[in-house]
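Visitor: Shown below is the structure under consideration.
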Amino acid sequence: MDRTPEMFSTPMRRGGVALLALSALAFGISAEKASTAEADPIIAASASEPVFAEIEQTVIEDCAISLDVLNICLKTRAEEAAEIEAAQLAAERAHQEQIKAEADLANFYAQVAAEEQARQALAEQEAARKAAEQEAAIARQALVATYPTGCENYRSLVAQYEWPVEQAMLTMSEESQCNPNAISATDDHGLFQLHNRPVYDPAENVRIAYALWEDGRVGQRNFSAWYAVCTPGNNPQPKFEGVDCQ
């Protein structure tokens with residue numbers, strides 16, 4: 001609210017009237033001095049000086065009051081301007097904070113969406129993997145379904161290698177019940193349950209088993225690789241009498 005007219009009305013009018021009066025008086029004294037100087041200069045000077053001094057003091061006082069009011073007004077204007085500027089800065093800060101908050105929220109939603117898409121992709125990949133494993137298991141079962149079960153059906157394959165045949169037959173029986181189609185939950189396959197080797201052909205399965213017997217898990221030329229007949233660990237012991245585990 002502009003308070004300048006109200007604040008300045010009386011003091012400014014008084015100051016202005018005083019200035020006009022002082023000017024008029026000064027002009028009148030000059031004229032009077034000009035007309036009466038010849039008569040009595042001392043009287044003329046003594047008559048005008050008190051009046052002039054009183055008016056001059058009034059003008060000075062009124063001008064001082066006007067300057068005080070002006071300073072107050074200018075200070076008020078400055079304070080109002082500072083308040084307006086502070087309000088504008090606060091509004092700008094609030095606007096920038098709102099923009100940042102909206103950007104952060106958008107980034108959060110985008111991250112959540114990306115994570116959800118990644119989870120869906122992983123779930124689809126896992127489902128595809130399981131489906132492929134199931135199809136592969138079905139295919140393997142179909143492939144090996146023609147091989148008969150029974151230990152004596154494969155004795156000739158076992159006996160063609162130079163190893164303890166009866167121990168090998170016992171190992172084969174304990175591992176797969178002499179079923180060339182056997183698949184364990186721990187990813188073991190065929191007659192000798194070869195770990196992580198989906199070999200179901202009986203002849204090939206027995207050949208790989210013989211190679212494992214020669215190398216041995218602990219030492220050489222023993223059945224330590226098969227936990228159905230030997231205990232695990234670095235000091236395997238036979239689970240059945242007469243089985244070579246070291």
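Visitor: Determine the relative contact order of segment 119-246: mean sequence separation of Cα pairs under 8 Å and six or more apart, normalised by residue count, in whole percent. Could you put the intermediate results ahead of the total?
Guide: Numbers: 182 pairs, mean separation 19.4, N = 128.
RCO, segment 119-246: 15 percent.
Visitor: Same structure, new question: Note the full-extension length gain between LYS100 and GLU133 as 0.36 nm times their separation in residues minus their Cα-Cα distance, in nm to one decimal. All intermediate terms of the calculation are to be shown ahead of the outcome.
Guide: Working: separation 33, 0.36 × 33 = 11.88 nm, distance 4.89 nm.
Between LYS100 and GLU133, full extension yields an extra 7.0 nm.
Visitor: Among 127-136, 179-188, how do they line up from the highest to the lowest mean number of other beta-carbon atoms within 10 Å? It would help to have the intermediate numbers written out before the result.
Guide: On the way: 127-136: 10.1, 179-188: 15.6.
Going from most to least packed, we get 179-188, 127-136.
Visitor: Using 1/(1 + (r/R0)^6) with R0 = 22 angstrom and r between the beta carbons of ASN235 and ILE208, what's the FRET efficiency to the nearest 0.05?
Guide: Working: r = 25 Å, r/R0 = 1.15.
FRET efficiency, ASN235 to ILE208: 0.30.
Visitor: Scan segment 192-246 for chymotrypsin sites (Phe, Trp or Tyr not before Pro) in coil per DSSP, keeping those whose Cβ has at most 14 other Cβ atoms within 10 Å, and list them by number.
Guide: Counting only loop positions with at most 14 other Cβ atoms within 10 Å, the chymotrypsin sites (Phe, Trp or Tyr not before Pro) in segment 192-246 are PHE240.
Visitor: Here's something else I'd like to know. Under the rule of at least 5 residues apart or a separate chain, name every residue whose amide H is placed under 5 Å from the amide H of ASP188.
Guide: Here the answer is ASN196, since their amide H atoms fall under 5 Å of that of ASP188.
Throughout, read-outs are computed from the coordinates displayed, never taken from laboratory work. Small disclaimer: the values here were computed from a predicted structure and weren't measured. Neighbour counts run over all protein chains shown; Cβ positions are idealised from the backbone, glycine included.
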